[in-house]
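Novice: Let me give you the structure first, and then I'll get to my questions.
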Amino acid sequence: MKKTTLCGIVTGMEHSGTTLLSQLLNAHPDVAAGVESGILLANLHEFNSLKPYWDWLSGSAGWGWCLLEEHRDLLLDAESYADVFQILGEHKGKNNKDLYLRALFQSSHIIYDKTPAYVFHLTAVLSRIDVPCCITMKSWPETFNSYCIKRQWDTNKLAARYEKMLDEVILAKQRFGSRILVILYRSLAHGDPAVMRAVGRHFALPGKFELSLASYNRRFGDFIVSKNSFVKSNLFYDEIDASAVGMAGEYYLNRMREYESYFREKFRQATLGSI
């Protein structure tokens, strides 16, 4: 069996495109990774105290890591975070009841760690292992639409979360430089070929393979038809404008604009050099 390679970390605020980027990565014939692992949020040997991530590693159905419990327990004896991911890669999918996914996970030797929560602890996370990191990011109006309009979040609560994310990204970029690639959700969801190529280079994916939703569907087509699993019928981007946000009321529109002005400089710093 080939040694497992952790090609990198995918993170960003929830609903910012991390799942879409994960789907595109899983289109690569050498790549297979499950749901959020959260491994880098915990101290080594204490991962079993971190809920719900510990529970998510085991199980036998769905698009998860699907470790047998005996293999999940091996993670607690690892000597480094790199060893943790090596163990995860070696045993991923062995408990999956779906034979197609089990075979696919077992034959793939490249994994990535997609965990949105990492973006709020980015400097600590990137200090624990030396791999590239891709951060998906929405502008404040796009984020406001995702949370406050669609999910009825309190504006102040969202603003505090968004600011914490921006501050962490800015600090991490100062410390880790080229290890970090910031991807604008707008470009990712439009299927911009330059973004796909940049991700492939950043994660050093082998071959001339180009990430795309079509490639994802080709790899998982049979599984998707029968299981209706993780798939988008197309890449999409909902244009956000004042009239759309204004449907929630003039008060919310003004709040969105107020915070947009407040976040303007931090957003510029966080996305400087992004694609």
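What follows is calculated from the coordinates using simple rules that are stated; it is not laboratory data. All of these numbers come straight from a predicted model, not from anything done at the bench. Note: ideal-geometry Cβ built from the backbone for every residue, glycine included; neighbour counts use all protein chains shown.
Novice: Can you give the extra length, in nm with one decimal, that the chain gains between Asp167 and Asp55 once fully stretched, where that is 0.36 nm per residue apart less the Cα-Cα distance? Present the calculation step by step, with values, prior to reporting the outcome.
Specialist: Numbers: separation 112, 0.36 × 112 = 40.32 nm, distance 3.01 nm.
Here the segment from Asp167 to Asp55 would lengthen by 37.3 nm.
Novice: Another one. Output ³J(HN,Hα) for the stretch 162-171: one whole-Hz value per residue in order, computed from phi by the Karplus curve 6.51 cos²θ - 1.76 cosθ + 1.60 with θ = phi - 60°, and x for Gly and Pro.
Specialist: 5, 5, 4, 4, 4, 4, 5, 5, 4, 5
Novice: Something else: Cβ neighbours within 10 Å, averaged per peptide: list 56-62, 183-189 in order, most packed at the top.
Specialist: Details: 56-62: 17.6, 183-189: 21.4.
Result, highest mean first: 183-189, 56-62.
Novice: Something else now. Quick one, can you get me the convex hull of the C-alpha atoms of the chain expressed as volume per residue in Å³?
Specialist: Details: hull volume 35.3 nm³, N = 275.
Spread over its residues, the Cα hull of the chain gives 128 Å³ apiece.
Novice: Here's a follow-up. Between Ser178 and Tyr251, what is the FRET efficiency for a Förster distance of 30 Å, r being their Cβ-Cβ separation, to the nearest 0.05?
Specialist: Working: r = 43 Å, r/R0 = 1.42.
The formula returns an efficiency of 0.10 here.
Novice: Test of understanding: ordering Thr115, Thr136, Thr123 by Cβ neighbours within 10 Å, fewest first, what list do you get? Don't skip to the end; give the middle numbers.
Specialist: Details: Thr115 22, Thr136 27, Thr123 14.
Listed from fewest to most nearby Cβ atoms, that is Thr123, Thr115, Thr136.
Novice: Can you tell me the length gained on complete extension of the stretch Ala117 to Asn217, counting 0.36 nm per residue apart and subtracting the Cα distance?
Specialist: Details: separation 100, 0.36 × 100 = 36.00 nm, distance 2.73 nm.
Gain on stretching Ala117 to Asn217: 33.3 nm.
Novice: Which residue, Leu40, Leu104, Leu88, has the most motion in a Gaussian network model of the chain that connects Cα atoms within less than 10 Å?
Specialist: Leu104
Novice: On to the next question. Among 48-54, 164-170, what's the highest-first ranking by average C-beta atoms within 10 angstrom per residue? Intermediate values should be presented prior to the final figure.
Specialist: Working: 48-54: 13.3, 164-170: 20.0.
Ranking the peptides 48-54, 164-170 by packing returns 164-170, 48-54.
Novice: Report, by chain and number, residues whose modeled amide H sits under 5 Å from the one on Lys114, excluding near sequence neighbours (fewer than 5 apart, same chain).
Specialist: Val10, Ser37
Novice: Let me ask another. Output the pairs from Lys51/Lys138; Lys51/Lys97; Lys114/Lys157; Lys157/Lys266; Lys92/Lys138 with a Cα-Cα distance over 29 Å in this structure; if there are none, say none. Let's see the in-between values first.
Specialist: On the way: Lys51/Lys138 27 Å; Lys51/Lys97 24 Å; Lys114/Lys157 24 Å; Lys157/Lys266 18 Å; Lys92/Lys138 31 Å.
Listed pairs above 29 Å: Lys92/Lys138.
Novice: From the phi angles alone, apply the Karplus equation (6.51, -1.76, 1.60; θ = phi - 60°) to the stretch 63-71 and give each ³J(HN,Hα) in whole Hz, x where the residue is Gly or Pro.
Specialist: Per-residue couplings from phi come out as 9, x, 6, 6, 7, 5, 4, 5, 7 Hz.
Novice: Give me the distance in nm between label points sitting 7 Å out from Cα along the Cα-to-Cβ direction at His109 and Lys3, one decimal.
Specialist: Spacing of the two 7 Å Cα→Cβ label points: 1.0 nm.
Novice: Continuing with the same structure: Could you calculate the contour length gain from Glu46 to Lys97, that is, 0.36 nm times the residue separation minus the distance between their Cα atoms, to one decimal place in nm? Let's see the in-between values first.
Specialist: Details: separation 51, 0.36 × 51 = 18.36 nm, distance 2.82 nm.
So the extension gain works out to 15.5 nm.
Novice: Let me ask something else about it. As a test of the formula, what do you get for the chain when each DSSP H run with n ≥ 4 contributes -39,500 (n - 2.57) and the sum is divided by the residue count, at 222 nm and rounded to the nearest 500 deg cm²/dmol?
Specialist: Working: 13 runs with 131 residues, N = 275.
The helix-only estimate for the chain comes to -14000 deg cm²/dmol at 222 nm.
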